[in-house]
Amino acid sequence: MTNQDRSPEAEIPGKPTSASRTTLSHIMTGSDTNLLGTVHGGVIMKLVDDAAGAVAGRHSGGPAVTASMDEMAFLEPVRVGDLVHVKAQVNWTGRSSMEVGVRVLAERWNESTPATQVGSAYLVFAAVDEDGKPRRVPPVIPETEKDKRRYQEAQIRRTHRLARRRAIMELREKRIAEGFGD
């Protein structure tokens, strides 16, 4: 193997969406509740981050850290006794980042009714090496039409994230130039 083959820019083989897809399931208990008696949104967000982190680590083949969480939507309340399923998959990959899509479903632990979607989120993870520096990730290979749609939608979300960040930085620079160092 030559030094060129070891280069971080060397092509990394892609991985199919299904290779890292996962489901995390958890029964909600009284210790998970908020003051209204339903499950605290922060508990659901932690489960979302845990499942997304597992998917990002699996896909990238090593450590990955949460860079951002977008569009966390709570669609229905979750109750004590609900069996919550957090389904996650890599939707899109960049050089060192990955968007992970997450769906949250809930069903009564002791009933045979189908689970209903109670939430969803999109998270961006960055793969890091042992020094905490960004490292390359394998491209994701969408397998189904649904995977292809999610990939395209993730590209749109990325474009919007970058444009929003750029607009905010330009505004801050303008305010500093005007003498407002807030």
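The values are calculated or read from the model by the stated rules, or taken from the named source; none is laboratory data. The model shown is predicted, which means the values in this text are computed figures rather than measured ones. We place every Cβ from the backbone using ideal geometry, glycine too, and count neighbours over all the protein chains shown. These area figures cover heavy atoms from the full protein model, side chains too; ligands, DNA and RNA do not enter into them. Shrake-Rupley method; radii C 1.70, N 1.55, O 1.52, S 1.80 Å.
If I ask for residues that are open to solvent by less than 90 Å² (accessible area, probe 1.4 Å) and closer than 30 Å to residue 19 by Cα, which ones from the range 160-182 would you list? Hits for the range 160-182 are 161, 162. Considering the conditions (1) in a loop (DSSP other than H, G, I, E, B); (2) within 21 Å of residue 11 (Cβ to Cβ); (3) open to solvent by less than 60 Å² (accessible area, probe 1.4 Å); (4) not polar (S, T, N, Q), residue 127 is excluded by exactly one of them, (1). Does residue 143 fit the bill of being acidic (Asp, Glu) and assigned to a loop (DSSP other than H, G, I, E, B)? Considered against the rule, which asks whether it is acidic (Asp, Glu) and assigned to a loop (DSSP other than H, G, I, E, B), residue 143 comes out as yes. From the list 71, 130, the one residue that fits, being modelled with pLDDT under 95 and within 18 Å of residue 55 (Cβ to Cβ), is 71. Of the strands (runs of 3 or more DSSP E) entirely within the range 29-122, those holding at least 2 residues that are open to solvent by 70 Å² or more (accessible area, probe 1.4 Å) occupy 64-74.
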